[in-house]
Ligand SMILES: C[S@@+](CC[C@H](N)C(=O)[O-])C[C@H]1O[C@@H](n2cnc3c(N)ncnc32)[C@H](O)[C@@H]1O
C-alpha cells in the first residue's frame with residue numbers, strides 16, 4: 001500500500017505535543033516550530049528534560065512490573081512518537097508474544113519513518129487519527145494471537 005506524501009498532511013506551522021516531546025527525548029521527528037515551543041517551555045521550567053526522562057523511566061518500570069505479573073496485552077494511549085524503549089520492546093523482553101496497540105492523535109506518527117518502522121514490528125499496531133478510541137481497541141483483533 002502506498003503511503004501519502006507525509007509533508008503534504010503535516011502542519012509544520014503549529015507546535016505538536018508529540019513532536020515537542022520527541023525533541024526533548026533527542027528524537028528527529030520534530031520541526032523548528034516544535035523546537036521553539038519546547039525551548040520556551042524549558043526556559044520557564046528548566047527541569048523539563050529531567051521530567052521527560054523520568055517519565056520514560058516510570059513508563060519502563062510500569063511495563064516491566066505489569067509484564068512481570070503476566071500482562072501480555074497493552075493499549076498505549078497518548079503513546080507519543082516511536083522512540084527507544086517503546087512499550088512493545090519493554091514488554092516483549094519479559095513476554096516475547098506481548099501485544100501492544102498504540103494510540104495517539106498526532107498526525108505525524110504513522111507517517112514518520114520511525115512510525116512506519118514501529119507498525120512493522122511484530123505484535124505491535126499503530127492506530128492513526130481520526131479513528132476513535134473504540135476502533136483502536138478493535139484493532140487488537142488484527143494482531144496475531146499471543147497464546
Ligand atoms: C507527553 S506525550 C507522552 C508520551 C508517552 N506516553 C510517554 O509517557 O513517554 C503525550 C502524548 O499524548 C498525545 N495526546 C494528547 N491528547 C491526546 C488524545 N486526546 N488522544 C490521543 N493522544 C493524545 C500527544 O499527541 C502526545 O504524543
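Just so it is clear, none of the values below were taken in a lab; they were calculated from the coordinates. Being a predicted model, the structure only gives us computed values, none of them experimental. Cβ sites come from the backbone with ideal geometry, for glycine too, and all protein chains shown count toward neighbours.
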- prompt: residue 41 versus residue 28, label points 7 Å from Cα toward the beta carbon: distance in nm?
  reply: 2.2 nm
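I need 126, 53 ordered by Cβ neighbour count within 10 Å, fewest first. Before the final figure, lay out the partial values.
Working: 126 22, 53 13.
Fewest-to-most Cβ neighbours within 10 Å comes out as 53, 126.
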